[in-house]
């Protein structure tokens, strides 16, 4: 078959690009398409030298730094990609990639990271955090998101097969698009995180400090547990709130950003990693399990597909410091085998992802 891979946009090597990397590894003969391509040369290795065919967004004024501001034009742009010569189209979509046009005799499988969060259930949070709840700019943005919602649902009919990256995203797809999906978890480089069975007496939270991660709740919870040590790694706009929550707590250490090697060592040696966000999936959760490290996580979102309660970690049901404290106390009463955590993580390896995507395509064909 002649294969095309369609990605949203290329500007950094992050979670969705790791999916594209593995799609290219499984279908190395595929041609690559994107709305625009501003990926730095230093990060292009995963593309294996492929030429990227882009849309007119690539050539618009100031697109290199501000291409996201052309969101309203992206549905038109993605529909202009001519894929008529391909038998199989694989799209990697969190906004518009699934909207590519295909015809009879072509198979379109769309790997969906999420329906457009800012256009659906997270619209109000997005407007609030962007300071656009009122005023003309806010009114225009609401109108734009309304139009994007209509296009998003209509274009959700384009793929022949919809693949969700977690059961949670499958539920969001069902709610927003009224479509069923098959779950294939995203690829995680579990080989980069070696099992270490010897643990030290500290808990770890490593994350960007943004509001939805709720790191300040974890810091507050451990401030109220002076006998338990917490190491916090990361930085971001929510750092002042985290510092305030940890104020006066000698047992809470804020390390800021650290190098990759140090982060891996911390993850390997932590007694447990703590996550308080409602994630679409949660790659860091799998990385912790790959190290043989148990996970204490908010029991909604993608974490429910990863953590096995009582065997590889513990869930808490509310995003409150009280719930985190109760979960830590429950965890202290368990005996969790690091080797079982590692085995659990191997379900999400690169090889497992590629095999699952190949099965989806073969069954659809």
All helices (runs of 4 or more DSSP H) inside the range 294-365 with 1 or more residues being outside the structural domain of residue 19 (by TED's automatic domain parsing) and over 29 Å from residue 109 (Cα atoms): 321-332, 338-345
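What do you reckon, is residue 139 surrounded by fewer than 21 Cβ atoms within 10 Å (Cβ to Cβ), at pLDDT 95 or above and at negative phi?
Considered against the rule, which asks whether it is surrounded by fewer than 21 Cβ atoms within 10 Å (Cβ to Cβ), at pLDDT 95 or above and at negative phi, residue 139 comes out as no.
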Hey, any hits in the range 210-227 for a residue that's over 18 Å from residue 320 (Cα atoms), in contact (Cβ under 8 Å) with a residue 24 or more places away in the chain and surrounded by fewer than 18 Cβ atoms within 10 Å (Cβ to Cβ)? yes
So which pairs qualify, if the first residue must be in the range 127-149 and under 19 Å from residue 74 (Cβ atoms), the second must be assigned to a helix (DSSP H, G or I) and modelled with pLDDT of 80 or more, the Cβ gap must be under 6 Å, and the two must be at least 6 apart or on different chains? 144/72
Looking at the range 266-283, which of its residues are surrounded by fewer than 24 Cβ atoms within 10 Å (Cβ to Cβ), touching a strand residue (DSSP E or B) at 6+ places or on another chain (Cβ under 6 Å) and under 20 Å from residue 191 (Cβ atoms)? 266
Within the range 284-302, track down each residue that is in contact with a helix residue (DSSP H, G or I) (Cβ under 6 Å, 6 or more places away or on another chain) and either surrounded by fewer than 18 Cβ atoms within 10 Å (Cβ to Cβ) or under 17 Å from residue 213 (Cα atoms) (or both). 285, 286, 288, 295, 296, 297, 301, 302
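So for the range 335-355 (the condition being on the phi > 0 side of the Ramachandran plot, in contact with a strand residue (DSSP E or B) (Cβ under 8 Å, 6 or more places away or on another chain), surrounded by fewer than 24 Cβ atoms within 10 Å (Cβ to Cβ) and touching a residue at least 24 places away in the same chain (Cβ under 8 Å)), does at least one residue qualify?
No.
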Can you name the residue in the range 162-188 that is assigned to a loop (DSSP other than H, G, I, E, B) and more than 14 Å from the chain's Cα centre (by Cα) and, of all such residues, is farthest from residue 265 (Cα to Cα)? 178
Scan the range 35-49 and give yes if some residue there is assigned by TED's automatic domain parsing to the domain that holds residue 183, touching a residue at least 40 places away in the same chain (Cβ under 8 Å), within 28 Å of residue 154 (Cβ to Cβ) and crowded, with 22+ Cβ neighbours inside 10 Å, otherwise no. yes
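The values are calculated or read from the model by the stated rules, or taken from the named source; none is laboratory data. What you see is a predicted model; the values in this text were computed from it and never measured. Reconstructed Cβ throughout: ideal geometry from the backbone, glycine too, with neighbour counts over all protein chains shown.
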